[in-house]
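The structure under discussion appears below in the form of structure tokens.
The values are calculated or read from the model by the stated rules, or taken from the named source; none is laboratory data. Every value quoted in this text rests on a predicted model; they were computed, and no experiment measured them. Don't worry about glycine lacking a Cβ; one is built from the backbone with ideal geometry, like all the others, and counts go over all protein chains shown.
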2 protein chains.
Amino acid sequence: MSQSICGKSGIVGLRFSLYPMSDQFVDVIKGALNEADTAKVWLKTDDISTCIRGKAAHVFDVAKAVFLHAAKTGLHVVLNGTFSIGCPGDSEGDSYMNVDDVLSNEAVLSELKIDAPTQFALYPMNDSSYMDLIADVVEIAKNKGTFSGGIHYASRLDGDTHEVFATLEDSFMVTQEKVSHVTMTVNIAANSPSRKNV
Amino acid sequence: MSQSICGKSGIVGLRFSLYPMSDQFVDVIKGALNEADTAKVWLKTDDISTCIRGKAAHVFDVAKAVFLHAAKTGLHVVLNGTFSIGCPGDSEGDSYMNVDDVLSNEAVLSELKIDAPTQFALYPMNDSSYMDLIADVVEIAKNKGTFSGGIHYASRLDGDTHEVFATLEDSFMVTQEKVSHVTMTVNIAANSPSRKNV
């Protein structure tokens, strides 16, 4: 595959669903999407999921904002989605790449401390060393103190939401420096009644 | 990567979460897992997700059973997860490969007709023709009449649960005949109040 058809625009995307385990799920989803400042990403919601696209830092910032605004309700909520960069089939449209780098949500979010047990998996595409790249990411998580074990088909993180998101963002960004097309699935939970004791 | 370290045991795994958008989510999750006949797959549930492993046909059969038993409550429920086969890091343990091929749930499920709008993405690993393999799967879905469009980072299916699962299973199985390690993310919804008119 030639470099020219690999996405080199740097657009990061996240297609995610927010699942509040509550009769009030519509209000929680709409509330979280409204409370998050999404001005610096392209955003589209359909009946199954929401897609955001833009600079990596803003995509992670908005994802964390949506998760935390939902989680602060105290309800059991989950953000489940897939980050992606460099898909050869992607277009350069639907993106907000000409914005500044100031994170829109971080100041508001810094006060919110909520545990975010997470399972994630990294998929570096079209690269024969992909298992090594996955192992590198486990080391990143260990160094950040969030890694809490490998499980079938995924790795587990435990910690405060800010620490978990920092691990996910670092893991994704370090990998995309080495491989043009990378995806990463994340399953980030809050307030689960069956939370294991860790 | 040598063939020898790619998983050739044929174990298919699915790590999934079932999300009932209801105050009764615990009962719905436990009820669906109990109602499904899971005797022919290895199964383990933690506080974030459930992992099932075994023969491909049984993994898909159990996944459909869990989804339909939850969906028949009429509540908005989602099954979101990742199918996997041939991960080089996988073990041959935790599997039920010495069971017969008779599907345990199909007879009960055949009476349940529930629409299952779905977004899915296929990740054939370590293969330079992976974009072509993804395009092949879109053709499979078109031929089955379930394909309803490409979206950023995923494809959409619409139809009855049985048709949607048949499309997913065919897509996964056809691809794994060509590539040793394949994963496929699925986001399968039922009873959403924001269901688009299609």
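Within the option set A:Ala65, A:Ala56, A:Ala32, being under 18 Å from A:Val186 (Cβ atoms), of a type outside the set (Asp, Glu) and in contact (Cβ under 8 Å) with a residue 60 or more places away in the chain holds for one residue only, A:Ala56.
Against the criterion of being crowded, with 18+ Cβ neighbours inside 10 Å, outside any helix (DSSP H, G or I), away from every other protein chain (no Cβ under 13 Å) and hydroxyl-bearing (Ser, Thr, Tyr), B:Ser104 qualifies.
Checking B:Leu112, B:Leu133, B:Leu75 one by one, the residue that is under 30 Å from B:Gln24 (Cβ atoms), in contact with a Pro (Cβ under 9 Å, 6 or more places away or on another chain) and either at pLDDT 95 or above or outside any strand (DSSP E or B) (or both) is B:Leu75 and no other. With the condition kept exactly as written, say whether any residue in segment B:25-42 is in contact with a Phe, Trp or Tyr (Cβ under 6 Å, 6 or more places away or on another chain), hydrophobic (A, V, I, L, M, F, W, C) and facing chain A (nearest Cβ under 8 Å). So far as segment B:25-42 goes, no, none of its residues is in contact with a Phe, Trp or Tyr (Cβ under 6 Å, 6 or more places away or on another chain), hydrophobic (A, V, I, L, M, F, W, C) and facing chain A (nearest Cβ under 8 Å).
Number of residues in segment A:136-150 that are touching a strand residue (DSSP E or B) at 6+ places or on another chain (Cβ under 7 Å) and within 23 Å of B:Leu14 (Cβ to Cβ): the value is 4. One residue stands out among those in segment B:8-25 that are touching a helix residue (DSSP H, G or I) at 6+ places or on another chain (Cβ under 7 Å) and more than 25 Å from B:Met97 (Cα to Cα): the one that is surrounded by the fewest Cβ atoms within 10 Å (Cβ to Cβ), which is B:Ser22. Within segment A:100-114, being touching a helix residue (DSSP H, G or I) at 6+ places or on another chain (Cβ under 7 Å) and not hydroxyl-bearing (Ser, Thr, Tyr) holds for A:Asp101, A:Leu103, A:Asn105, A:Glu106, A:Leu109, A:Leu112, A:Ile114. Pick from segment A:151-198 the residues that are part of a helix (DSSP H, G or I) and of a type in the set (Gly, Ala, Ser): which of them is nearest to B:Ile11 (Cα to Cα)? Looking at the filtered set, the residue picked out is A:Ser171.
The residues in segment A:56-84 that are more than 10 Å from chain B (Cβ to nearest Cβ), crowded, with 18+ Cβ neighbours inside 10 Å and among the β-branched types (Val, Ile, Thr) can be counted, and the count is 3.
Can you tell me which residue is surrounded by the most Cβ atoms within 10 Å (Cβ to Cβ) among those in segment A:45-55 that are within 12 Å of chain B (Cβ to nearest Cβ) and part of a loop (DSSP other than H, G, I, E, B)? Step by step, filter segment A:45-55, then rank; the result is A:Ser49. On the stretch given as segment B:162-184, residues that are of a type outside the set (A, V, I, L, M), closer than 26 Å to B:Gly74 by Cβ and crowded, with 21+ Cβ neighbours inside 10 Å total 2. Residue pairs whose Cβ atoms lie under 9 Å apart, sitting 6 or more positions apart in sequence or on different chains, and linking a residue in segment B:105-126 that is on the phi > 0 side of the Ramachandran plot to a partner that is in a helix (DSSP H, G or I), are B:Asn126/A:Tyr130; B:Asn126/A:Met131. Among the residues making up segment A:26-39, those that are of a type outside the set (Ser, Thr, Tyr) and surrounded by fewer than 24 Cβ atoms within 10 Å (Cβ to Cβ) are A:Val26, A:Asp27, A:Val28, A:Ile29, A:Lys30, A:Gly31, A:Ala32, A:Leu33, A:Asn34, A:Glu35, A:Asp37, A:Ala39. Looking only at segment B:108-141, residues that are among the small types (Gly, Ala, Ser) and crowded, with 20+ Cβ neighbours inside 10 Å come to 3 in all.
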